[in-house]
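Reading through the structure tokens given below for one structure.
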Amino acid sequence: QRSRIPGMHSWFSSLLGPAESSSTLRDSASPEDDPDLSAFPLGHAEVKRRWLEDVLPKFPDLKADPLLWPPGELTDRLVASFLRAEMNENSSAPVDTAVTRLEEVAAFRRDYRCADFHRAGAARQLFMHKTNPGAAMYFADCGLRDATGRPVLVGRVSLMSDAHAPGFKPSDQLIPCTHLRAGMFVIERACYAAAGSSYILDLGNFPTDDLARYNNERFWDADGTVDCSDCIRKRQPPSVAVGPHLPYHETMPDGLPVLKEALRMATTYYPESLHKVYFYRPSILFRAIFKIFSMWVPQATRDKFVLVHEGDEHNHFLAPRGDLDPAVVPVELGGKGPSLDGDRFLQRAVELYDKLAVLPAVAGNATA
């Protein structure tokens, strides 16, 4: 019999456990600067030429894709990231494999309609459970920036993982295909905004007091709720969703496979886009599992993962050693800035995404 706590919730709930303080556990890792994407690697000009002359003309529909067209600074950034990824993965012919990989990514972007991520209203469609049930979004760009102006994504994993949270209901369960598309939206928009972004993922407890102020009503239910949670057990597409999805996303199991697929997509389609990923307030169990899932990404990405314990913020992402001014960092993350306000930082993110959208809204993006 299926437990009330579905796979992703039960795995993360056991994975996180109570957060440990820095006095109990410490991590010796310290942040290091990313390679400068403005210093193009050897072979950049040739990959760029082949991309513009040989590959991109095969995909005329991509002229509507803001990340790819028109050619310019974003083109240089795109080419550099894929070429550097191939070099980091020890390709024997990085120019050739980078071009091949770029063609594969172009096909993915066409089929997955990544251009839609840049439309006005896309964030709300993807985050809200009335239009994209089971998205269970817990991370986003709510406006935090580091000293260089790069976005710093913020996440609270307990919003998605804690099935014992007050007010939890079946429609709060994560549905793989809707969650993955919403997650790729966040990564896409961060890549468009800057050459790289950082990510602070809070692994602490569920913000019970904050949500109580909203009668335990989730932001993702503000437009209404559609419960498609039975599709998880049936391994079938939800009756309502914002598409398209990769076909196997609609039938894949929840739990660890979703995390593994999210990591695959991020490193395959958005390589070299991360500056640092800070796992904040990790439990002992998380540290153990971290050693497993961190092996699912290339070494160059793995080197950017940092465990940060409460009290150690200034040794990592907060100034003076880090890139973030404590005055603007939310108090829940060790700073003195505005509160995350439970899950309402997601509302600020949706508003920011809409403000920065570069394509007009298109009616009927939700698929039934």
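Determine whether region 35-47 contains at least one residue that is modelled with pLDDT of 95 or more, closer than 16 Å to Pro271 by Cβ and not in a loop (DSSP other than H, G, I, E, B). So far as region 35-47 goes, yes, one or more of its residues are modelled with pLDDT of 95 or more, closer than 16 Å to Pro271 by Cβ and not in a loop (DSSP other than H, G, I, E, B). Among the residues here, Pro133 qualifies as closer than 22 Å to Leu346 by Cα, over 15 Å from the mean Cα position of the chain (by Cα) and open to solvent by less than 20 Å² (accessible area, probe 1.4 Å).
Residues in region 330-357 that are buried (at least 21 other Cβ atoms within 10 Å of the Cβ), of a type in the set (Val, Ile, Thr) and over 19 Å from the mean Cα position of the chain (by Cα): 0 in all. When you check Pro326 against the structure, is it in a loop (DSSP other than H, G, I, E, B) and at pLDDT 95 or above, yes or no? So Pro326 fits the description; yes.
Exactly one residue among Ala123, Ala147, Ala140 is of a type outside the set (Ser, Thr, Tyr), open to solvent by 40 Å² or more (accessible area, probe 1.4 Å) and touching a residue at least 60 places away in the same chain (Cβ under 8 Å), and that residue is Ala147. Listed by first and then second residue, the pairs with beta-carbon distance under 7 Å, at least 6 apart or on different chains, first residue in region 66-81 and in contact (Cβ under 8 Å) with a residue 60 or more places away in the chain, second open to solvent by 40 Å² or more (accessible area, probe 1.4 Å) and part of a loop (DSSP other than H, G, I, E, B), are Pro66/Val358; Arg77/Ala195; Ala80/Phe40.
Residue under question is Val105, and the condition is that it be among the β-branched types (Val, Ile, Thr), touching an Asp or Glu at 6+ places or on another chain (Cβ under 6 Å) and in a helix (DSSP H, G or I); does it hold? No.
Within region 357-364, not a single residue is within 17 Å of Asn205 (Cβ to Cβ) and either part of a helix (DSSP H, G or I) or of a type outside the set (Asp, Glu) (or both).
Selection of first residues in region 47-60 that are at negative phi and of second residues that are open to solvent by 20 Å² or more (accessible area, probe 1.4 Å) and outside any helix (DSSP H, G or I), restricted to Cβ pairs under 7 Å at least 6 apart or on distinct chains, gives the following pairs, ordered by first then second residue: Leu52/Pro71. You will find that of Cys177, Cys191, the residue that is open to solvent by 10 Å² or more (accessible area, probe 1.4 Å), part of a helix (DSSP H, G or I) and not polar (S, T, N, Q) is Cys191 and no other.
The values are calculated or read from the model by the stated rules, or taken from the named source; none is laboratory data. This is a predicted model, so every value here is computed, not measured. A quick note on method: Cβ atoms are made from the backbone with ideal geometry, for glycine too, and the neighbour counts reach across all protein chains shown. These area figures cover heavy atoms from the full protein model, side chains too; ligands, DNA and RNA do not enter into them. Shrake-Rupley method; radii C 1.70, N 1.55, O 1.52, S 1.80 Å.
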